[in-house]
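Data block below; observations after.
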Amino acid sequence: MKDIIDFFKNFFLAENWPARWTCGKWTGFHGWLYIISDLAIWSAYFAIPLIIILFIQKRQQEIPFLKVFWLFTLFILACGTTHLLDAIMFWYPAYRISGFLLLGTAVISWATVFSLIKIMPQALSLKSPAQLEKIIIERTAELEQSNNDQIKLNRDLDNFVYSASHDLKSPINNIEGLVELLKTELNENRNLDNNFILEKIDYSLKRVKKTINSLTDVLKVQRNPYEDVEEVNFNELVKEILFENEELIKVSNAIFIKEFESEVITYSRTGLKSILYNLITNAVKYRSDKRQPLIKIHTSIQNSKIVLTIEDNGLGIDLTKHREKLFEIFKRLHDHVEGSGIGLYIIKRFIEENKGTIEVFSELDKGTTFKIIF
């Protein structure tokens, strides 16, 4: 303790040691080489922190690891000061100051080391300029694709709104006319065919309802495809669809063959039901008059992916002519069957939103096969 008190009490005194010029045999060249080198190192060590401070002040964006920048600044300043003191000690042997300065430099040096170790994992995760450029290019491509998809969707919705408004005009006008006729007839108390008018009103209402349902189905494409994801059983869902369309199937006299290598899938239940409903009802509606409808529904595992296949022996499609527009909105290839032309459009968009693909194979008058890879 006495030594420590004495050390700080005589901190600036240097009479206990000779100046470095008189300690040993220095030549002029050797001494000034030492002094000039120390001063050159000191000046460089002081210039580097000034540049770092200027950089921090000039940079507009937030600087990562700012604490380490300041520690480096102190570390370099401390190292530079030791060299400056080394040069001064040729005339003024301040060994107490030198020892204390070396201790401070050691503390700052190890603080910098520990800070570097601490930020190392985070620093290694930083992207290089080349990596950042690659990410920007990829993000730009994704954004362009997203914009193109949005433009296409907006165009489809514009077409749909126009088509829906056109389709709604006729049944709404019919309903208005029929209601006015009904009012007139009731006011005049004349005999009227109530059943005829009610049938016409009912038919017009069904057309309005169908158009509104189609609009709802198209808008569903834009919703979050993951919002009702759960474990769904293919067999149970197919049974549900067949039960709900019992009259249509009964009239068609269709035979169904079901084989499920994979019965369960984790998927949107609403989305999967829409896919199965559209493909199954289309297979029934577009049946051939030449043979009894046969519809095969089966699942399999291919390359660790679940594959759904729905095959029929119906009218078939000329894919050389119609492949490109098969999944376009409002495109219908057979006019003798009632439909809106949006079913295949909806399921294709939903499947692709969930990173899947849909393929079609068909021959005229032989049948059609749809293959969905989830």
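For Lys9, the criteria (1) surrounded by 13 or more Cβ atoms within 10 Å (Cβ to Cβ); (2) over 18 Å from Thr81 (Cα atoms) hold in every case but one, which is (1). Determine, yes or no, whether Ile265 is aliphatic (A, V, I, L, M) and within 26 Å of Lys290 (Cβ to Cβ). Spelling it out, it is not the case that Ile265 is aliphatic (A, V, I, L, M) and within 26 Å of Lys290 (Cβ to Cβ). Test Phe90 against the criterion of being within 21 Å of Ala40 (Cα to Cα), of a type outside the set (Val, Ile, Thr) and surrounded by 11 or more Cβ atoms within 10 Å (Cβ to Cβ), and give yes or no. Here the answer is yes, as Phe90 does meet what is asked.
Each residue in segment 110-146 was checked for being free of Cβ contacts under 8 Å to residues at least 40 places away in the same chain, surrounded by 10 or more Cβ atoms within 10 Å (Cβ to Cβ) and outside any helix (DSSP H, G or I), and 1 pass.
The number of residues in segment 274-305 that are open to solvent by 50 Å² or more (accessible area, probe 1.4 Å) and under 37 Å from the mean Cα position of the chain (by Cα) comes to 8. Each residue in segment 24-43 was checked for being open to solvent by 70 Å² or more (accessible area, probe 1.4 Å) and assigned to a loop (DSSP other than H, G, I, E, B), and 2 of them qualify. Just one of the listed residues (Phe65, Phe100, Phe46) is open to solvent by less than 90 Å² (accessible area, probe 1.4 Å) and in contact (Cβ under 8 Å) with a residue 40 or more places away in the chain, namely Phe65. With respect to (1) within 21 Å of Thr112 (Cβ to Cβ); (2) assigned to a loop (DSSP other than H, G, I, E, B); (3) charged (D, E, K, R), the lone exception for Lys67 is condition (2). Whether a residue is surrounded by fewer than 16 Cβ atoms within 10 Å (Cβ to Cβ), modelled with pLDDT of 70 or more and more than 32 Å from the chain's Cα centre (by Cα) was assessed, and Glu188 does not pass this test.
For segment 347-360, a residue qualifies if it is of a type outside the set (D, E, K, R) and either touching a Cys at 6+ places or on another chain (Cβ under 9 Å) or surrounded by 14 or more Cβ atoms within 10 Å (Cβ to Cβ) (or both), and the qualifying residues are Ile347, Phe350, Ile351, Asn354, Gly356, Ile358, Val360. Summed over segment 350-360, the residues that are out of contact with any helix residue (DSSP H, G or I) (no Cβ under 8 Å at 6 or more places or on another chain) and in contact (Cβ under 8 Å) with a residue 24 or more places away in the chain give a count of 1.
The requirement of being of a type outside the set (S, T, N, Q) and modelled with pLDDT of 75 or more is satisfied by Lys118. Tallying residues that are free of Cβ contacts under 8 Å to residues at least 40 places away in the same chain, under 19 Å from Asn313 (Cα atoms) and loosely packed, with under 12 Cβ neighbours inside 10 Å within segment 225-258 yields 2. Taking residues in segment 1-25 that are under 11 Å from Tyr92 (Cα atoms), and partners anywhere that are in a loop (DSSP other than H, G, I, E, B) and open to solvent by 100 Å² or more (accessible area, probe 1.4 Å), the pairs with Cβ atoms closer than 6 Å and at least 6 places apart or on different chains are Ala19/Trp91.
The values are calculated or read from the model by the stated rules, or taken from the named source; none is laboratory data. Small disclaimer: the values here were computed from a predicted structure and weren't measured. Counting neighbours? That spans all protein chains shown, and the Cβs are built from the backbone with ideal geometry, glycine included. To get the accessible areas, we keep the full protein, side chains included, count just its heavy atoms, and leave off ligands, DNA and RNA. Shrake-Rupley method; radii C 1.70, N 1.55, O 1.52, S 1.80 Å.
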